[in-house]
Each structure stands twice: as structure tokens, then as C-alpha cells.
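S.K.: Here it is: the structure, laid out below.
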Amino acid sequence: RLILDICNNAIRDLMQSKIPGGELELTKRIASGKADLASSRLSREQELLLFPPNNGQVQYQSLDFTLLYALVRNIFHEEIEPNSRKNKKWGKKPTEVETGLVVAIENIRACRNAFFAHLSSTKVDKKTFDELWTTIEGAVGEIDKHIDRSVTNKCYNIEMDKLKTDQIDPQLEQISKDKIEKEKKLLKMEGIVVCFCFVLFCFFCLFVLFFQRISLIF
């Protein structure tokens, strides 16, 4: 729930704080930056959410972490942290001494990937739980500092404190399980895309080497 609910809500609120103009402006910016999302390899379902038909608007609440991350990294990187793309801060696990919004978002991404990639049930051992919680708590706390209170009156530090000791009823546990399965499928799809791109790259390299040798022979 910390990863799927609080982290996603915090990043949504951060985006709304950094991008004035509401969902209309969000929709315009995404449309104008469509080419920048090419590397994200969006599914048909994801494309419909980011580029709604019939002049529809993008809805913040429809964006999961995968789409939120794709947007802040590829389109809104300057709003999140100036020069962050130029300085190659995106797409890597931060060191313990690094700070800032990009670091916070990348730490959440790393925890999400590590957690869902190896999760076989909704249970987790205490050591792993404490490590994940500490990292994510620090990341969300950093994001919370940059959220405009006109966007939300939530204090995410308080939200996390409540969640840590909250009870999970059977219905909520089933919802959590369903969300976990969805995240695991998304990660699997992302992995397949990466492998496919790697294979294509290898074939391209072999193709180039083959023609180089042919040209040397003739």
C-alpha cells in the first residue's frame, strides 16, 4: 500500500504542483512531447490513457507509477529538477549520499522493482520490510517538501505513520493482491521489451559486421 497508493499519490501531487494549468495543460504538454516517450515502449492501453481519443483530457488519477515515471523522466524532467536529464540522473539507482527529487523518485522506482520482481506473496520478512520502508519513507518525505499545499492538504509523513500501524481487512488485502499482480505483470512486460531491444541491437551489430567483411572482400 505504501508503494502502490502513497507513492503514486505523492508523485501525482508533485506533478500537479510543478505543472500549473491542471489536466488541460498536462494533456497539451504530453501531446507536444509524444516523441520523447518513444523510448518508454507504451502499450496500447497506456497510449489511450496518455492520448485520449475525441480530444479527451489526461486524468491524473488514471496514471499509475509506470506512466508517472515515464512522464517525469521524459517530458517534465526540467520541472522536476533542472538539468537532471543533461546530468544523466535518471534511470539509475542513486547512491546513499545523493539527494533531491530525482533521487527520491529513482529510489521509489528501485524499491518498487526489487519488491514486485521477487514477491511471491503479499507477505514480506521484517528485515526487508524495514529496509524498504526506510528508503521509501525518506523518498516520499523529500517529495512532500516540494508539494504545493494548494494542490493537497495531505501531509505524507503523517499518512505514512498512520499506514505503518493500520489494520488490513480481508477486502483491502484482496485489493492489494490484485494491484500486486498487475504490477508484477507490468514489470514482466517491461523486462520483455528490454530483452527484445537487446536482441535487435545484437542482430544489428552482426548485420553491420557482416557487411563490413563483405565490403573488405570485394
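The values are calculated or read from the model by the stated rules, or taken from the named source; none is laboratory data. If you're wondering where the values come from, they're calculated on a predicted model, not measured in any experiment. Please note that ligands, DNA and RNA were not included when accessible areas were found on the heavy atoms of the full protein model with its side chains. Shrake-Rupley method; radii C 1.70, N 1.55, O 1.52, S 1.80 Å.
S.K.: State in Å² the accessible area per residue of region 80-146; use a 1.4 Å probe, count heavy atoms of protein chains only, and round to the nearest integer.
M.R.: Solvent-accessible surface per residue comes out at 59 Å².
S.K.: May I ask you to list the lysines whose Cα is less than 17 Å away from that of LYS182, ignoring any residue fewer than eight positions away on the same chain?
M.R.: Partners found: LYS123.
S.K.: Tell me whether region 47-122 comes out rounded, prolate or oblate; compute the Cα gyration tensor, take square roots of the eigenvalues as a ≥ b ≥ c, and use a/c under 1.5 as the rounded threshold.
M.R.: In terms of gyration-tensor shape, oblate.
S.K.: Enter the accessible area per residue of region 1-61 (Å², integer; probe 1.4 Å; all protein chains in place).
M.R.: Result: 53 Å² of accessible area for each residue.
S.K.: Carbon-plus-sulfur fraction of the accessible area of region 1-121, 1.4 Å probe, in percent?
M.R.: 47
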